[in-house]
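Here the structure comes first, spelled out in structure tokens, and everything after it is commentary.
The values are calculated or read from the model by the stated rules, or taken from the named source; none is laboratory data. What you are looking at is a predicted structure, and each value in this text was computed from that prediction instead of being measured. Cβ placement follows ideal geometry from the backbone for every residue including glycine, while neighbour counts extend to all protein chains displayed. These area figures cover heavy atoms from the full protein model, side chains too; ligands, DNA and RNA do not enter into them. Shrake-Rupley method; radii C 1.70, N 1.55, O 1.52, S 1.80 Å.
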Amino acid sequence: MAAHVIRPTWTSYVVLLVATWIHVACGVETGWRRGLGNRVQEARGVSTTPIPHSLQNPHPSPPSVPSATSADAKKGRHVERNTKRDGPVFVVELCRHGDRTPITVFPKDPWPIPTWKWGPGQLTPVGEAAQYNLGELLRDKYRPPWPANYTLHAVRARSTDVDRCLMSAESQLAGIFPPGSGTPHALPYEWQAVPVHTAPIGYDALLRAFDHAHCPRYDQIMSRRKEGKAYQTMEKEHAAFLHQVGTLAGMKISLSNLYIVSDTMVCEQAHGRPWAPGMTDDIFMKAVNLSDWTLAQMFAPGPEERQPHELARLTAGNLVQQIKELMQLAANGNETVPLFQLFSAHDTTVAALLTALNAYDGISPPYNSTVLFELWETDPSADSTDGTFHVKAYYNWKKITLPGCSLDSHCSLEDFVRGVEPIAVQSEVDWAAECQVLDTSHHDGVSYLTTTLVGLVTFGIGVASTLFFPKLLSAWKSRTEYMKMEEVPEIDMQATDGTTTGAV
């Protein structure tokens, strides 16, 4: 019997090609996860050099600043960090935006969105003025060491990508550097422009982590919380009230959307507009109190968490880490850290941070609410702290106790860092892992582990097919030929003499 030469078939090549493609796709997924932090930053046009992870400017500043002239030095253009203990060496502010119009209104509200000439959810002139006044207050409080004129290292501002927050930051910065402090003959009234940086909505893991497009773990916790006993009990206890408000509002109302009514009424009250018929002071106060409770549920610890501080890490861990890093860099004299870091955001951002610090009072932060962190050089004569630097924190000008510290004594920088360590998330890559982030654009929600296993199994099948399929095919062909040789065919033959013979 002739020997058969084993040759791969076109089918085996196709199988191997498909398996290899899937295997490469798994490798791409691995690379995506390893480079998540850099790719997020690069998509925003920022440098991926190892500076504080969430503060990297979407529009990087020049690497160096020209030396100040003598005239500029007299005007405060050259900034040096304070070393005379007449003020903090570094300040961080998280601020809620100013007065705004309603984001949405209920069907029976007498003031539909078109009646608010600034548009839905926009900062009003009242809000602009309040933020400007806040800037003036901060300027008077912290000068010195703050300079009279803007410089690259004097201030850095970051805002959510929402008009009212961006405008609030700009208004507050105008109060810190008012008209007359700018470069002569550059802008009218010597107005000083100050950059405000931001990140796209849905991808801001620093100031809106709870609204991030890739944090399904937070959504899962919230879903379970709303199905939990405490939430359902509150819903049942206030069912009659919610039904009453729904009737007056013209829509179905639950704890989850009651804020539409309470927020609209707050905006109307601030601008002297009468409420919808039937809405009373008692209804307003109860709606506000229930909305406050619902807001607190977005960040409060609970049984839905897999580990302590999980919700705090998901919602405020990146911001806490950023503040901690900036404090440490400022204490070490790092020149990339400004004298003042401004974060302009929302009531939810303020509530998330305060809850993470165990300093939230359960009341929705009003417009212009501020959380201030001050880094001070410790007076050597003071024996109340062991650190070279200490931290003070305030919420709406009232001192708050930081984790690991007491209210009556200085909180050393070391104690502050140690106290927030369980809350702080080291990087956005770590945060993404805790969020169980999936690259749905590539794998349509299939987990990385599943994709990897499928790729490996398919690759193994492809290799096996390449090695053994030709042998199996050859054996099958040989068997078929042998069986044909064993068969004795019946052939009808016509003899030459005209008689018919039997089988050959």
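Just a yes or no: is a residue in segment 173-190 of a type outside the set (A, V, I, L, M), more than 28 Å from Asn334 (Cα to Cα) and either in contact with a Gly (Cβ under 6 Å, 6 or more places away or on another chain) or touching a residue at least 40 places away in the same chain (Cβ under 8 Å) (or both)? There is at least one residue in segment 173-190 that is of a type outside the set (A, V, I, L, M), more than 28 Å from Asn334 (Cα to Cα) and either in contact with a Gly (Cβ under 6 Å, 6 or more places away or on another chain) or touching a residue at least 40 places away in the same chain (Cβ under 8 Å) (or both). Scanning segment 130-145 for residues that are open to solvent by 10 Å² or more (accessible area, probe 1.4 Å) and of a type in the set (Phe, Trp, Tyr) returns a single hit, Tyr132.
Residue-level check: of (1) assigned to a loop (DSSP other than H, G, I, E, B); (2) touching a Lys or Arg at 6+ places or on another chain (Cβ under 8 Å), Phe373 misses just (1).
For the residues Gly250, Gly302, the requirement of being loosely packed, with under 14 Cβ neighbours inside 10 Å, in contact with a Lys or Arg (Cβ under 7 Å, 6 or more places away or on another chain) and touching a residue at least 24 places away in the same chain (Cβ under 8 Å) singles out Gly250. Under the condition of being assigned to a helix (DSSP H, G or I) and buried (at least 18 other Cβ atoms within 10 Å of the Cβ), the residues counted in segment 153-171 number 8.
Among all residues of segment 267-279, there is none that is closer than 21 Å to Met234 by Cβ and either open to solvent by less than 40 Å² (accessible area, probe 1.4 Å) or not charged (D, E, K, R) (or both). What single numbered condition from (1) touching a helix residue (DSSP H, G or I) at 6+ places or on another chain (Cβ under 6 Å); (2) closer than 22 Å to Leu94 by Cα fails to hold for Glu325? Among (1) touching a helix residue (DSSP H, G or I) at 6+ places or on another chain (Cβ under 6 Å); (2) closer than 22 Å to Leu94 by Cα, Glu325 violates only (1).
Specify the residue that is surrounded by the fewest Cβ atoms within 10 Å (Cβ to Cβ); the eligible residues are those in segment 194-244 that are charged (D, E, K, R) and within 13 Å of Cys435 (Cα to Cα). Among those residues, the one meeting the criterion is Asp219.
Listed here are the residues, each with its yes/no results for (1) open to solvent by less than 50 Å² (accessible area, probe 1.4 Å); (2) of a type in the set (A, V, I, L, M); (3) under 30 Å from Ser291 (Cα atoms); (4) not in a loop (DSSP other than H, G, I, E, B).
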| site | (1), (2), (3), (4) |
| --- | --- |
| Val320 | yes, yes, yes, yes |
| Lys324 | yes, no, no, yes |
| Thr336 | no, no, no, no |
| Gly362 | yes, no, yes, no |
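Within the set Ala148, Ala174, the sole residue that is open to solvent by 40 Å² or more (accessible area, probe 1.4 Å) and closer than 24 Å to Pro88 by Cα turns out to be Ala148.
Close contacts from segment 99-115, counting a first residue that is more than 22 Å from Ser369 (Cα to Cα) and a second that is open to solvent by 40 Å² or more (accessible area, probe 1.4 Å) and of a type in the set (D, E, K, R), with Cβ to Cβ under 7 Å and a gap of 6+ residues or different chains, come to Trp111/Arg273. In segment 224-308, counting only helices (runs of 4 or more DSSP H) that sit wholly within it, the ones holding 2 or more residues that are of a type in the set (Ser, Thr, Tyr) span 229-237, 259-270, 281-297. Are any of the residues in segment 182-197 under 17 Å from Asp99 (Cα atoms) and not small (Gly, Ala, Ser)? No, every residue in segment 182-197 fails to be under 17 Å from Asp99 (Cα atoms) and not small (Gly, Ala, Ser). For Phe343, the conditions (1) surrounded by 21 or more Cβ atoms within 10 Å (Cβ to Cβ); (2) assigned to a helix (DSSP H, G or I) are fulfilled apart from (2). Out of Ser409, Ser427, one residue alone is at pLDDT below 95 and under 26 Å from Ala213 (Cα atoms). It is Ser427.
To keep it simple, each residue is scored yes or no on (1) farther than 25 Å from Ser406 by Cβ; (2) open to solvent by 20 Å² or more (accessible area, probe 1.4 Å); (3) modelled with pLDDT of 95 or more.
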residue: Met265; (1), (2), (3): yes, no, yes
residue: Lys286; (1), (2), (3): yes, yes, yes
residue: Trp293; (1), (2), (3): yes, yes, yes
residue: Gln307; (1), (2), (3): yes, yes, no
residue: Arg313; (1), (2), (3): no, yes, yes
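Scanning segment 177-193 for residues that are more than 30 Å from the chain's Cα centre (by Cα) and open to solvent by 30 Å² or more (accessible area, probe 1.4 Å) returns Pro179, Gly180, Thr183, Pro184, His185, Ala186, Leu187, Pro188, Tyr189, Glu190, Trp191. Reported count of residues in segment 364-406, each being on the phi > 0 side of the Ramachandran plot and modelled with pLDDT of 95 or more, is 3.
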